[in-house]
1. Looking at (1) exposed (fewer than 14 other Cβ atoms within 10 Å of the Cβ); (2) within 22 Å of residue 35 (Cα to Cα), which one does residue 151 not meet, given that it meets all the others?
2. Filter region 50-80 down to the residues that are among the hydroxyl-bearing types (Ser, Thr, Tyr) and either at pLDDT 95 or above or under 14 Å from residue 155 (Cβ atoms) (or both) and list them by number.
3. Within region 48-87, how many residues turn out to be β-branched (Val, Ile, Thr) and more than 30 Å from residue 164 (Cβ to Cβ)?
4. Evaluate the following for residue 146: is it closer than 30 Å to residue 67 by Cα, of a type in the set (A, V, I, L, M, F, W, C) and modelled with pLDDT of 95 or more?
5. Out of 57, 87, report the one residue that is closer than 29 Å to residue 11 by Cα and of a type outside the set (Val, Ile, Thr).
6. Among helices (runs of 4 or more DSSP H) lying entirely in region 36-146, which contain 2 or more residues that are surrounded by fewer than 12 Cβ atoms within 10 Å (Cβ to Cβ)?
7. Would you mind telling me which numbered condition in (1) of a type outside the set (Asp, Glu); (2) over 23 Å from residue 152 (Cβ atoms); (3) touching a Lys or Arg at 6+ places or on another chain (Cβ under 6 Å) residue 116 fails?
8. Please go through region 1-35 and pick out each residue that is in a loop (DSSP other than H, G, I, E, B) and touching a residue at least 40 places away in the same chain (Cβ under 8 Å).
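The values are calculated or read from the model by the stated rules, or taken from the named source; none is laboratory data. Just so it is clear, the structure is predicted and the values come from calculations on it, not from any experiment. Neighbour counts are summed over all protein chains in view; Cβ atoms, including those assigned to glycine, are modelled from backbone coordinates with ideal geometry.
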Amino acid sequence: MHITLAMLEDLDACSQQRNLFNRLFPNGTDVTVELCEQHSDRFDWQWAAENFLTEESALVEYDNLTDAALTEYGNVSVAAQEKYIESTATATAEYDAAVDAARTEYHKVPHRTSWPTYDKALEVAHQKHRLAVAPAKAEYDNVCVAAQAVYYKVCAAAWAKAFLSQHER
């Protein structure tokens, strides 16, 4: 089955997706699982499912193929977030203590004169916290990006399979 820019326009696809499609496929393209997987991180497959899969059975097929991947993506993201929170707890507690101490000092003297000291204390605490949690944040981001890529690839393949199946009927 061939998809064209005109089809995306007829379905009111957003300009970003239309422009990307037109840049990659100025003459349209034949849908294949492989092609969709190649571009899994570039197109909005949920939108494609909701707009191109017009038969209920095709939508059900798409959902069946993507549900487990979505659950896994959620599980991985939650586990990564829990690990991030656990590994940054000490740094966050130190940051909170520094902010509390700065706030206490700020309220001891007239605000006009204590603001620069308070502002500097917050800046130092924030910078120290940011540096302390950077490795954990990088790990969290890497895990989530990898899990998201797997999910997008599953969605792209599922859309192609359901779309092609719908058009074979």
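1. (1)
2. 62, 66, 71, 73, 77
3. Looking only at region 48-87, we keep the residues that are β-branched (Val, Ile, Thr), and these are 54, 60, 66, 71, 76, 78, 85.
Pick out the ones that are also more than 30 Å from residue 164 (Cβ to Cβ) and you get 78, 85.
Within region 48-87, residues that are β-branched (Val, Ile, Thr) and more than 30 Å from residue 164 (Cβ to Cβ) number 2.
4. Considered against the rule, which asks whether it is closer than 30 Å to residue 67 by Cα, of a type in the set (A, V, I, L, M, F, W, C) and modelled with pLDDT of 95 or more, residue 146 comes out as yes.
5. 57
6. Counting at least 2 such residues, we get 56-87, 89-106.
7. If we test residue 116 against (1) of a type outside the set (Asp, Glu); (2) over 23 Å from residue 152 (Cβ atoms); (3) touching a Lys or Arg at 6+ places or on another chain (Cβ under 6 Å), just (3) comes out false.
8. 1, 11, 31, 32
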